[in-house]
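To keep things clear, I will list the structure first and then write my remarks on it.
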Amino acid sequence: MNKSIKTIIALSAVILVATGINSCKRDFLDEELKTQRNTDYFKTPEGITDLSDALYNHYRNFFMSREQAVSTNQCGTDEFIVGGDQAQQTWNDYNSNLGSIVPDVPTSNVTKTYEIWDMMYKAISDANVLLANVDAVITDVDKNKLYKAEASFLRAFSYFRLVQQYGPVVLKLQPSTGVERYFVRATKEECVNQIIADFRTAYAGLPDAEALEGKLYKDVAAHFLAKALLYRCSEINNDWNSSYKTADLAEIITLADVVIAHHPLATNFSDIFAYTGPDGANEKLPEVIFAAQFSSTTTIANDGNGNYLHLLFLSVYQTCTGFVRDIAGGREYQRCRTNEYAYNVFDMQNDSRFWKSFKTKANLNNVSNLAQLNGTDPNTATNVTYAKGDLGLIYIVNKAGDTRFSDPTKPGGTPLVKSTHTGVYFNNPVTGKPTPHTYPRYLANGSGYLSLASNVSRFPSLSKWIDGSRTAVAATAGRRDGIYARVAETYLIKAEALIRQTKYAEAITVMNIVRARAQFKAGEDRAAYKDGGAAVLTNSNAPKNTDGTLVNSYATSNSYYESLNIPVTTSATDLISGYTSASLPAADEAIITKLGLSSAYDRMMCFLLNERSRELYGELFRWEDLARTKTLLSRARTYNEGALAAIQEKHYLRPLPQTFLDNIYTADGHALTADEKAAMQNTGY
């Protein structure tokens with residue numbers, strides 16, 4: 001990727017004309033405008049150029065800068081359940097608060113129904129202004145074509161999000177010139193076809209290669225066009241999509257092959273997320289097709305809330321004796337708790353991706369209270385003295401039948417002397433010292449220790465978004481890029497198209513390209529671990545101890561061997577040999593059995609969805625994947641105990657926001673009645 005600039009100066013390009021679609025009440029940017037401009041500015045060459053640049057700011061805002069990133073795409077699925085902070089429980093549990101108005105329960109942090117709606121229509125408004133004015137003022141053929149392509153992509157991207165979340169929506173393809181309050185929803189087919197048409201325009205008009213970092217180019221459009229075509233072919237649209245499937249599936253494969261040819265997979269899965277700071281090596285990998293750009297500066301005007309995702313997937317560590325919250329460990333909002341599905345879907349022994357996606361160890365970093373942990377090792381009867389940097393917390397993802405861990409209140413039968421630790425005792429084979437905070441998946445009696453309701457704040461954290469480059473321990477503005485598309489997903493898009501063509505052997509071959517990367521290589525240290533917390537090592541803002549050393553909980557190993565209780569080995573593993581649609585990997589066969597699937601197609605789609613989890617866990621696709629394939633209900637009911645009681649068929653779509661329904665009129669000019677609002681609303685809300 002040709003990457004050279006990190007910051008696009010954002011122009012306040014929102015068109016300040018009432019559109020009848022309720023705009024977000026917050027300012028587009030929290031900055032003081034030095035020069036007021038009206039919409040006539042966008043009828044000048046300079047205005048169009050500035051607006052074209054400003055369109056890119058939307059990609060930072062969409063799903064990286066607020067909590068709707070997880071509430072609408074991760075909560076309520078098989079991948080995560082609610083953690084110790086229940087701010088987004090409404091979205092996970094599908095409870096009665098999930099309606100056209102979402103109340104501030106339990107806190108004001110809960111995502112509102114209108115948030116995505118407002119964001120997307122704001123972006124669509126900007127795109128429409130550019131498309132309406134560009135021909136009159138941009139006579140340079142190449143620039144004209146590029147600007148149209150960029151605006152068409154943003155409009156398609158925005159409508160794609162809207163349709164996946166809300167179903168058929170209002171198609172607004174021209175800017176408003178005055179107050180408009182009469183709108184009707186288009187059909188689902190009309191919406192999807194418009195999305196595909198706009199992505200096609202983008203594909204035709206974008207340059208072959210990325211001119212500047214974060215700028216759109218053909219492969220980005222090809223990837224998302226393939227996704228839109230796949231959506232049109234998916235089960236959610238089976239009431240109208242039959243005439244499209246044959247041609248769409250063939251085109252998906254062609255588009256995927258074009259993208260794959262230009263973007264090699266990273267050699268090591270961990271390289272993608274091993275963030276060392278803004279503009280680091282992981283942000284330049286050719287595997288990354290498109291990412292929201294966050295700069296090395298933290299000015300509000302440029303980055304707003306920054307990349308917010310580092311906050312949302314972390315478990316609590318700061319309350320454990322010997323720990324204090326630090327930059328490397330992150331600020332634990334614990335919105336999404338890693339659940340049993342994560343431990344079941346991976347082949348823990350042979351698939352490296354679990355160990356490279358989840359943080360399972362942390363080192364002691366609080367020098368002020370380490371003495372509270374000192375005592376006698378009950379296994380050796382020797383005195384144990386802890387020091388900063390010793391392993392202090394470990395999550396052991398063991399199997400049922402492991403007899404090493406008994407009573408969690410009396411580890412090993414005897415608690416550590418003078419210890420205020422929680423969890424269970426474990427004498428670490430590497431350090432020889434007891435690990436004072438040890439959390440296994442299973443106890444000796446077979447009970448699931450990590451799944452206990454009392455352990456809602458204790459779980460292996462998804463580490464893909466951790467950001468050690470932040471300016472302070474409490475800083476919410478992360479600075480790492482937010483990945484929207486990488487080529488591993490392109491392979492899986494192609495594989496899904498092949499499954500839909502019933503070409504199962506070919507699909508497995510394609511998936512095996514991604515799975516081969518996930519295998520442990522010969523000579524690889526299976527306990528080695530790295531994540532974006534390592535950026536703290538070069539962070540001048542990181543807090544220091546009195547001796548000048550970093551307050552740093554970062555651990556460079558995982559709990560692979562402690563969890564599996566197997567001898568150390570560096571031999572290669574195999575995830576690709578001998579599998580067919582009738583004989584899939586053991587982890588997948590177990591899930592297939594649990595879900596009660598039997599047909600070859602259902603088995604292969606299950607394999608594909610499992611593989612999307614293994615590769616893309618926590619990358620903000622899951623709810624939309626399960627909704628479009630009509631597998632959301634079965635998977636959420638099986639793996640998400642919060643969703644079990646209330647989820648139903650209506651939850652394949654979100655409720656339209658009340659702010660929209662309250663602000664539109666009928667064709668004859670009166671506000672909607674209660675019955676008319678109900679008729680406009682999605683069924684069941």
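Take the Cα of Ala590, step 7 Å toward its Cβ, do the same at Ala572, and the gap between the two points is 2.6 nm.
Can you classify the chain as rounded, prolate or oblate using the Cα gyration tensor, where a ≥ b ≥ c are the square roots of its eigenvalues, rounded means a/c under 1.5, and otherwise it's prolate if a/b beats b/c and oblate if not?
Working: a/c = 1.72, a/b = 1.52, b/c = 1.13.
Prolate shape, in that a/c is at least 1.5 and a/b is the bigger ratio.
Helix 586-595 and the long axis of the chain differ in direction by around 60°, with both axes built from C-alpha atoms. By the rule of a C-alpha distance below 14 Å, with chain neighbours fewer than 8 residues away ignored, the aspartates and glutamates paired with Lys494 are Asp248, Glu251, Asp257, Glu506, Glu611. Look at the dipole of the chain built from charges on Cβ: of Ala477, Cys336, Ala222, the Cα furthest out on the positive end belongs to Cys336. Between Asn445 and Ala197, the modelled labels are 6.5 nm apart [label points 7 Å from Cα along Cα→Cβ].
By how many degrees, 0 to 90 and rounded to 10, does the Cα axis of helix 487-500 deviate from the longest principal axis of the chain? The angle comes out at about 70 degrees. Axis of helix 141-166 versus longest Cα principal axis of the chain: the two differ by about 60°, to the nearest ten degrees.
Rounded to the nearest 20, the Cβ-based charge dipole of region 451-584 about its Cα centre (Lys and Arg +1, Asp and Glu -1) stands at 300 debye.
On full extension, the segment bounded by Asp271 and Thr546 gains 95.7 nm, given 0.36 nm per residue less the C-alpha separation.
For region 572-664, the equivalent ellipsoid derived from the Cα gyration tensor has semi-axes of 32, 15, 12 Å, listed largest first.
Report the calculated FRET efficiency for Leu173 and Asn383 (r = Cβ-Cβ distance, R0 = 56 Å), to the nearest 0.05.
Details: r = 75 Å, r/R0 = 1.33.
Rounded to the nearest 0.05, the efficiency is 0.15.
Since only Ile272, Thr254, Tyr159 are under comparison, the one whose Cα sits farthest along the positive direction of the charge dipole of region 159-280, derived from C-beta charges on Lys, Arg, Asp and Glu, is Tyr159.
Which pairs in the list Lys356/Lys521; Lys227/Lys630; Lys361/Lys530; Lys356/Lys630; Lys43/Lys143 are over 20 Å apart, alpha-carbon to alpha-carbon?
Numbers: Lys356/Lys521 14 Å; Lys227/Lys630 16 Å; Lys361/Lys530 11 Å; Lys356/Lys630 30 Å; Lys43/Lys143 15 Å.
Check vs 20 Å cut-off fails for Lys356/Lys630.
Which one of Leu595, Leu537, Thr556 is farthest out on the positive end of the charge dipole of region 529-613, using unit charges on Cβ (Lys, Arg +1; Asp, Glu -1) and the Cα centre as origin? Going by the Cα projections, it comes out as Leu537. Dipole size of region 555-619 about its Cα centre, with +1 on Lys/Arg Cβ and -1 on Asp/Glu Cβ: approximately 100 debye, rounded to the nearest 20. With neighbours defined as other Cβ atoms within 10 Å of a residue's Cβ, the residues Ile664, Ile591 order from fewest to most as Ile664, Ile591. With a ≥ b ≥ c the root eigenvalues of the C-alpha gyration tensor of region 148-193, is it rounded (a/c under 1.5), prolate (a/b larger than b/c) or oblate? Oblate, since a/c reaches 1.5 and b/c is not below a/b.
By the count of neighbouring beta-carbon atoms within 10 Å, fewest first, Tyr685, Tyr159 end up ordered Tyr685, Tyr159.
With +1 assigned to the C-beta of every Lys and Arg and -1 to the C-beta of every Asp and Glu, and no other charges, what is the dipole magnitude of the chain about the Cα centre in debye, to the nearest 20?
Values: 69 positive and 73 negative charges, 204 e Å.
Dipole magnitude for the chain comes out near 980 debye.
Within 14 Å, Cβ to Cβ, of Ser571, how many net charges do the neighbouring residues add up to if Lys/Arg are +1 and Asp/Glu are -1?
Values: positive: Lys521, Arg526; negative: Glu524, Asp525, Asp574.
Net charge around Ser571: -1.
Full extension of the segment from Ser368 to Lys630, taken as 0.36 nm per residue of separation minus the current Cα-Cα distance, would add 89.1 nm. Estimated from helical segments only, the mean residue ellipticity of the chain at 222 nm is -10000 deg cm²/dmol, where each DSSP H run of four or more residues counts as -39500 (n - 2.57).
Which net charge results when you count Lys and Arg as +1 and Asp and Glu as -1 among the other residues whose beta-carbon is under 14 Å from that of His670? Spell out each step's value before the answer.
Values: positive: Arg181, Lys677; negative: Asp662, Asp668, Asp675, Glu676.
Net local charge, His670 excluded: -2.
When a/c is below 1.5 the answer is rounded, else prolate if a/b is larger than b/c, else oblate, so apply that to region 495-617 with a ≥ b ≥ c taken from the square roots of the Cα gyration tensor eigenvalues. Provide the component values of the computation, followed by the final result.
On the way: a/c = 2.83, a/b = 2.28, b/c = 1.24.
It is prolate, given that a/c is not under 1.5 and a/b is the larger ratio.
Couplings 3J(HN,Hα) of region 524-532, computed from phi: 6, 6, 6, 8, 5, 8, 8, 8, x Hz, in residue order, whole Hz [Karplus 6.51 cos²θ - 1.76 cosθ + 1.60, θ = phi - 60°; x for Gly and Pro].
Among Leu452, Leu498, which comes first, then next, by fewest other beta-carbon atoms within 10 Å? Show your work: numbers first, answer last.
Values: Leu452 13, Leu498 24.
With the fewest neighbours first, Leu452, Leu498 line up as Leu452, Leu498.
Bear in mind these aren't lab numbers, they're just calculated from the coordinates by the rules spelled out. These numbers come from a predicted model, not from an experiment. No Cβ is skipped: glycine too gets one built from the backbone with ideal geometry, and neighbour counts run over all protein chains shown.
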